[in-house]
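The values are calculated or read from the model by the stated rules, or taken from the named source; none is laboratory data. Computed from a predicted structure; not experimentally measured. Here the Cβ positions follow ideal geometry from the backbone for every residue, glycine too, while neighbour counts run over all protein chains shown.
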């Protein structure tokens, strides 16, 4: 869950505004008392860096081993580019990555159970040994993506015409914990 105190502070600093002494003190309290999720800080910083090409990182973003469960990276007018990003062994369960540029991203051994990836560009992405059970991949670009030994089930939604078996995906029976109660568009599943 995002921390509002940190969100306001990161927004202010990234826009060039100085924090008041009271706000800086409140931010320190949040951090020192363990209420500052690392992922929130990273995602907010990436959002602001992406808004100004002059500040964009020169190296690919590395989120390897990050716990990104339920992270929401999609926002209106968001142009964050995760091209070449490393999500190796990351947990993005139920994460919202709809429409995000993930070309050549490395998701090797990542856990994407229930992740929303509709419309994302995963061209040439490494999805080997990735857990895609219950993930929504409809309208996703998977051109030349490597899915060898990725795990999926019958709740995983694929782009129209995509053949998961031919791509090397291992299809397992659905388990109760991966069964969604809504489809990729948020409609109830009966």
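Just for the stretch 105-123: of the residues that are in contact (Cβ under 8 Å) with a residue 24 or more places away in the chain and outside any strand (DSSP E or B), which one is farthest from residue 170 (Cα to Cα)? Taking the candidates together, the pick is 118.
Any residue at all in the stretch 96-103 that's within 24 Å of residue 174 (Cα to Cα) and assigned to a loop (DSSP other than H, G, I, E, B)? The answer is yes; a qualifying residue exists. Taking the listed residues 126, 149, the one that is under 21 Å from residue 174 (Cβ atoms), surrounded by fewer than 24 Cβ atoms within 10 Å (Cβ to Cβ) and modelled with pLDDT of 95 or more is 149, with no other qualifying.
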